[in-house]
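Worksheet: the structure to be examined is printed underneath.
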Amino acid sequence: MSRFVERHPAWALIAIIAVAILLWLVFAVWPPGLEEAIGRKRVFLNAVFNGITLGGLYFLVASGFTLIFGLMRNVNLAHGSLYLFGGYVGYAISAATGSWILSFIVAFILTALVGVLLQVIVFRRMEGQDLRQTMVTIGLSIVFADLMLWACGGNFYQIQTPNWLIGPIELPLVTAIKSSGEPVYLRYPLVRLVIFAASVVIGIAMWLALNRTRIGMIVRAGVDDRDILAATGVRIQLVFVLVFAFGAGLAGIAGVVGGTFQSLSPGEDIRFLLASLVVVIVGGMGSIPGAALGALIIGLAEQLGSVYIPTYAIVVTFLIMVLVLAIRPQGLLARR
């Protein structure tokens, strides 16, 4: 990031100013003229928090994708199918047992097992053949989509939020001032904040595992030169299977999260695959902090765009991607 600031000081200054303006809009009491210009502050704050929590969901999907695609160089365009599969599994477990936590565990395990099968049967036979991997996984995603449509139908499903997470929580952010001078504070769904906090914890744990542990060192060394690492006695294929399974399991967890505060339906696999691609391109392949930053930017852009420029909300996301590709093609926080 420091190198980006050195090479593009003007863009870095623009980014700093934009962040400062966003923080002022969030924490300051808006003057009446500003509310007349862009609407009520409560609407703006809800859009910001929706963008941040959506960014947490995008991060869970894209972090698994960046592990598989960015670190292991496996082009898995069936990653969105893993997300939707995990969501359907989570819904089935939650409906059958009433346990929200158990739905995460089972979805992670079953999606990870599917990831193991993909790595052993498909990717191990096509190492270094990006085009073949792309074509095969596109075909697999179509097959998976039809199988899930056959098994689950075309209905919308939503995973029941547990009782201890139902309802809003009051945040220390002023949305308005009453005529009596009493401030009105923002109330926001607790489940979204808990899920976002969990995604932050998962992201930090992943970064520490990749950069501060022996397993992370082995993974990074295997990506750079797997032959030399294998010569030292490390079972590199087993390591890659475990990493692929973990990345797939994260997609399954994200499916349960998405089914909790959004919904599950046919077509969500394509949506989240595209979101993962954009997040990884913006943040940088193989970078966990890059996936977090990219997810936050894309989540905010989608939600703020849907409130203030709904007709062009999707266009804004791809404009950001094009801008990043033009200024820093490797991504904002790409691995060196």
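The values are calculated or read from the model by the stated rules, or taken from the named source; none is laboratory data. None of the values given here were measured: they were computed from a predicted structure. Counting neighbours? That spans all protein chains shown, and the Cβs are built from the backbone with ideal geometry, glycine included. In case anyone asks, the SASA skips ligands and DNA or RNA and just uses the protein heavy atoms, side chains included. Shrake-Rupley method; radii C 1.70, N 1.55, O 1.52, S 1.80 Å.
Keeping to segment 249-264, report how many residues are open to solvent by 10 Å² or more (accessible area, probe 1.4 Å) and closer than 24 Å to LEU118 by Cα.
Of all residues in segment 249-264, those open to solvent by 10 Å² or more (accessible area, probe 1.4 Å) come to 253, 261-263.
If we keep only those that are closer than 24 Å to LEU118 by Cα too, we end up with 253.
Summing the residues that are open to solvent by 10 Å² or more (accessible area, probe 1.4 Å) and closer than 24 Å to LEU118 by Cα in segment 249-264 gives 1.
Within segment 279-289, which residues are outside any loop (DSSP other than H, G, I, E, B), over 15 Å from ALA15 (Cβ atoms) and over 9 Å from the mean Cα position of the chain (by Cα)?
Those that are outside any loop (DSSP other than H, G, I, E, B), over 15 Å from ALA15 (Cβ atoms) and over 9 Å from the mean Cα position of the chain (by Cα): VAL280, ILE281, ILE288, PRO289.
Inside segment 167-212, can you point out the residues that are among the hydrophobic types (A, V, I, L, M, F, W, C), at pLDDT 90 or above, open to solvent by 70 Å² or more (accessible area, probe 1.4 Å) and within 23 Å of PHE49 (Cα to Cα)?
VAL201, ILE204
I'd like the residue in segment 138-156 that is loosely packed, with under 13 Cβ neighbours inside 10 Å and not aliphatic (A, V, I, L, M) and, out of all such residues, is nearest to the chain's Cα centre (by Cα).
The residue in question is PHE156.
Can you report the number of residues in segment 276-294 which are over 17 Å from LEU323 (Cβ atoms) and of a type in the set (Gly, Ala, Ser)?
5
When you check PHE104 against the structure, is it open to solvent by 10 Å² or more (accessible area, probe 1.4 Å), under 19 Å from ALA198 (Cβ atoms) and in contact with a helix residue (DSSP H, G or I) (Cβ under 9 Å, 6 or more places away or on another chain), yes or no?
The answer is yes for PHE104.
Assuming ILE52 fulfils every condition listed in (1) open to solvent by less than 40 Å² (accessible area, probe 1.4 Å); (2) modelled with pLDDT of 90 or more; (3) among the aliphatic types (A, V, I, L, M); (4) within 16 Å of the chain's Cα centre (by Cα) apart from one, which condition is it?
It fails just one condition, (1).
Would you check if LEU323 is open to solvent by 60 Å² or more (accessible area, probe 1.4 Å) and not polar (S, T, N, Q)?
Considered against the rule, which asks whether it is open to solvent by 60 Å² or more (accessible area, probe 1.4 Å) and not polar (S, T, N, Q), LEU323 comes out as yes.
Hey, GLN330 hits all of (1) part of a helix (DSSP H, G or I); (2) surrounded by fewer than 21 Cβ atoms within 10 Å (Cβ to Cβ) but one; which does it fall short on?
It fails just one condition, (1).
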